[in-house]
Each structure stands twice: as C-alpha cells, then as structure tokens.
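The values are calculated or read from the model by the stated rules, or taken from the named source; none is laboratory data. Since the model is a prediction, treat every value here as computed from it, not as a measurement. A quick note on method: Cβ atoms are made from the backbone with ideal geometry, for glycine too, and the neighbour counts reach across all protein chains shown. Surface accessibility is based on the protein's heavy atoms, side chains included, excluding ligands, DNA and RNA. Shrake-Rupley method; radii C 1.70, N 1.55, O 1.52, S 1.80 Å.
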Amino acid sequence: MSDKNRFLFVKVLNSLLESDVSLSKAFCIIQKMKSVKSTVRAAAKEIELYLQQGSLFSVALQKCSSIEFNSLYGAFVSCAQNGASIRKIFDFLYRREYGLRQKKQKLLFSIIYPVFVTIVAMTGCILLMTFGKNIIPDISGKFDFESYQKNAVQGCIAANLFLLACICLFCLAIKNLFSREEYLDAFKVLNFLTSSGLDFYNALKTSLLAAKKNKRLKNQIVLAICDLEHGHKASKACQRFGEEFLLQIELAEESGHADKALNSICENLEKKNEEWSKVFMQMTEPLSMTILAIYITLLLKTVVMPALFEYGL
C-alpha cells in the first residue's frame, strides 16, 4: 500500500511540476485535491510543514511519516538542490516507478495460469486421496484398499515432488527476470544522474540504492566504487559489470561522450530484457501444460489405474 501511495504522490506532483507550478504551490494544491487519497494529502501537508520550518526538500522527504520515501528519493532530490532540475528529476522518478510497476504486473499476470493449474492439480490429488475409499467400491470383494492407498500415497508424493521441483525452477526463472530488471534500473539511474551533471563517482553511489536486494549487483557496484576511490579510471571500474560495459566506457573516455555510452548500455540491456520476457511469457503456457501432463501421468499410474483394474478395465 505504501508503494501505491508513493507512486500516486509522485504522479500527481510530477503532473503539477510539468504544468509549471512551483514546488510550494504544488503541495498546497495536492492538499486541496479531494480526488487523491487522504494519505497523499497528509504527506503533502507534512512535507510542506518541514519546508516551512527550514528543512531541505530531501530531508523533508526522509522525515515524512505518511508515505515512506526511500533513500533513493532523498539522493535524487539532493541532486536538484545542487543545481539539477526538480521537474526533470520527478519526471524521471515517475517514469521509473511506472515502468517498474508495469513490468512487475506483466510478470505477475504471466504466472497466474501456472499457479492456477498447480492449485487445481494438487487439490484434485488431495481430494482423491481423502475420499478414494468412498468412490472406489470393492466390486470383487478382494480389492486391497490399504495396499492401494499405500501405493497411491507414494505415487502422489512422487508426483507432487516433481511438481514442486518445477515450481522451484519457475521461481528461479522469475527471479532471474527481476534481477535483469534491477540491472537495467541501476544503469538508468546512473545514466540519468551523469547526464544531469553529477560526477560518475557520486552517480554510481546513488545507483547502489537502486540495487535493492540484488546482492551480486550490489557487490559489483561496491567494487566499482572502490576502484574509483583508488584512482582507477571509470572504464576499469565498469569492468566489474562485464566486457560489454568496459568497451562502451572506454569508447566514451576516448570520445568524451559518456552520456552516449550509458544510453547505449541502457538500450542494449532493455532490448535483451524485453527479449527474455517475451520468450518467458510465450513458453509459460506450453510448459505448464507439459508439466501438468507429466503430473497427471504419474497420478494415473499409481492412483487411477489400480482403481480401474478393480472394474476389470
């Protein structure tokens, strides 16, 4: 809920700033807007109060209790206090939040079908095991239900372990896609900040805040920062991210156009991510059907077929 409120706050504030409304007036307008949530209005009032007390905008955001603004927001607003355009910054923050939300929703929608299929399959398996004795009449009088149930339980366990393994692989694929998006997000942050006039070192430190829970990306950024602190060139630091990044930054150092190099990196990453997402979404349904077919086959072999044999089928 906090993320939704923050997104709405940034969206409304960005719209007002794009209309050439001053920052202080924008907060007054938001407080009077009955169409937005009360939490957003409360945040605008709280931030305005801190500003009136002499706090910097970045500090006011961090102090706000109505809506949680993470440290990345404070870092971006600090750039505005150092000369960058507050309008451009909130435009970037809005587009960033909107893009991340859209990609997450797309991935979540793609997993609804396999999750639904999994739940139905497992529910059917549980019901069959629970009420099997009532739906399989002992026609011959020799049907060993205890032996049947023992074998059926073992078959259900094997089938569900297979299903669980497939779910784990599916989760790893989702994690990989989110990891790719975090890489792209961090480089977009780096690109925007450097193009706004921030030096590469401080821009890289700010991009660390966008790494979130991606330990590998965080470690790479920290090592790159350490390289810069030890006097190495940006190309040496960016070697941590792979040969492709090293080549782009080396070309930027030679040509003096670092912004073009970072733009190129972001475009390449975005193109690759879109390709991976497209393949993932195209493969989700057929793979789910294949996995379900194997799952049902395993159940048929140990649960259904022995029951059919009781009818002489």
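Here are a few things to note about the model shown:
- Hey, Tyr113 modelled with pLDDT of 75 or more and surrounded by 13 or more Cβ atoms within 10 Å (Cβ to Cβ) or not: no
- Segment 56-67, residues that are open to solvent by less than 90 Å² (accessible area, probe 1.4 Å) and under 14 Å from Leu23 (Cα atoms): Phe57, Ser58, Ala60, Leu61
- Per-region count, segment 19-41, residues over 28 Å from the mean Cα position of the chain (by Cα) and either in a helix (DSSP H, G or I) or over 22 Å from Tyr98 (Cβ atoms) (or both): 12
- Top-ranked residue in segment 190-214 [being outside any helix (DSSP H, G or I) and within 20 Å of Arg96 (Cα to Cα); ranked as most open to solvent (accessible area, probe 1.4 Å)]: Lys213
- Within segment 144-176, no residue satisfies the criterion of being at pLDDT below 65, crowded, with 16+ Cβ neighbours inside 10 Å and among the hydrophobic types (A, V, I, L, M, F, W, C).
- In segment 269-282, the residues that are closer than 11 Å to Glu181 by Cα form Cβ pairs under 6 Å with partners that are in a helix (DSSP H, G or I), at six or more places apart or across chains, as follows: Leu269/Leu184; Glu270/Leu184; Asn273/Arg180; Asn273/Leu184.
- Test: Glu68 is in contact with a Ser or Thr (Cβ under 6 Å, 6 or more places away or on another chain) and not in a helix (DSSP H, G or I): yes
- The number of residues in segment 215-246 being modelled with pLDDT of 80 or more and either outside any helix (DSSP H, G or I) or touching a Cys at 6+ places or on another chain (Cβ under 8 Å) (or both) comes to 4.
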